[in-house]
Each structure stands twice: as C-alpha cells, then as structure tokens.
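Worksheet: one structure, shown below.
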Amino acid sequence: MTISLPSLKLLQFEIHSLGYLEVSSVNAILGGCPNIEILDLNFQGQSSDKVCLPPTLKRLKIVIKHEVGSVLEINAPDLVFLSINQYKSSDVLNMHNLHNVVEVHLDLLPSSFGSIVPLVKLLSSLSGTKKLLLGASITKVKFSSSFI
C-alpha cells in the first residue's frame with residue numbers, strides 16, 4: 001500500500017499510545033508527502049534506521065524517544081525553523097543545506113553523544129542562525145578547548 005498526499009503542506013504526527021513505531025513506517029508516510037512544508041513529528045522508535053525528512057520543509061519540530069539511536073537525515077535548503085528534542089541517541093544528526101535556518105531549539109541528552117563531535121558538527125551547520133535556544137541537557141556538556 002502506497003501513501004500519496006501530494007497536496008499536503010502541514011503534518012502533525014504524534015504517536016504516543018501505540019508504543020513503538022518503526023522508522024520505515026515514518027519514512028513511508030513522509031515519502032508520500034513530497035510538498036510538505038511544516039512538520040511536527042513526535043514518535044518513539046526502536047530501530048537505528050535513518051529518518052529521511054523531505055527537502056521541502058520550512059518548519060520542523062521533531063521529538064524522537066527511542067531505545068537505540070535513529071539517525072536524522074535533514075537536507076532542507078528552505079528550512080527556517082528547527083526544533084529537535086531527541087533521547088538516547090549516538091551520532092543522531094546528518095544535516096545539509098541549513099543555511100537559511102533562522103531559529104533553532106535543541107535539546108539532546110549529553111549522554112547520548114559518544115563524543116561531542118556530532119553536536120559540534122550540528123552547531124557548525126547552523127552558522128547562519130540568528131536565534132539559538134539550547135536545552136538544559138545540552139548546556140551540561142563540557143566543551144573542550146579544542147572545539148572552541
């Protein structure tokens with residue numbers, strides 16, 4: 001069964017009471033929304049698959065709670081707002097073309113990073129951001145002088 005919602009511009013997708021959701025199911029839904037601009041995605045996954053987000057996004061709010069680390073693949077040149085709240089993940093972020101992002105809210109558990117490198121890579125890709133809000137969990141991360 002194929003999902004096709006080509007006119008959809010806004011999707012609020014929250015899976016709480018159903019328990020775990022496979023990342024492949026999330027990708028199947030998002031793949032059927034080729035013109036989506038605003039996405040509010042909140043789910044609990046249990047695989048380390050890549051969550052592929054559409055390049056047409058302008059606003060993204062994503063909350064992922066999972067047992068093993070899913071990788072977020074974001075290649076969205078028109079994105080202007082980004083909010084990520086992610087739990088229990090390792091190298092969680094693979095981001096490209098974020099030069100238009102104006103506002104960012106990040107809350108990632110510091111214990112989720114095997115090293116500080118993924119967070120530094122993320123912050124480097126957001127160099128044009130005008131407003132950055134870091135959650136309390138990120139501010140507990142100790143940056144070494146080699147990254148500052």
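The values are calculated or read from the model by the stated rules, or taken from the named source; none is laboratory data. No experiment lies behind these values; they were computed from the predicted model shown. Because the Cβ atoms are built from the backbone with ideal geometry, glycine has one as well, and the counts that use them run over all protein chains shown.
Residues of the range 26-85 that are in a strand (DSSP E or B), at pLDDT 90 or above and either in contact with an Asp or Glu (Cβ under 6 Å, 6 or more places away or on another chain) or surrounded by 21 or more Cβ atoms within 10 Å (Cβ to Cβ) (or both): LEU39, LEU60, LYS61, PHE81, LEU82. Checked against (1) more than 16 Å from the chain's Cα centre (by Cα); (2) at pLDDT below 85; (3) surrounded by 15 or more Cβ atoms within 10 Å (Cβ to Cβ), HIS16 meets all criteria but (3). Got at least one residue in the range 117-124 being at pLDDT 80 or above and in contact with a strand residue (DSSP E or B) (Cβ under 9 Å, 6 or more places away or on another chain)? For the range 117-124, residues at pLDDT 80 or above and in contact with a strand residue (DSSP E or B) (Cβ under 9 Å, 6 or more places away or on another chain): present.
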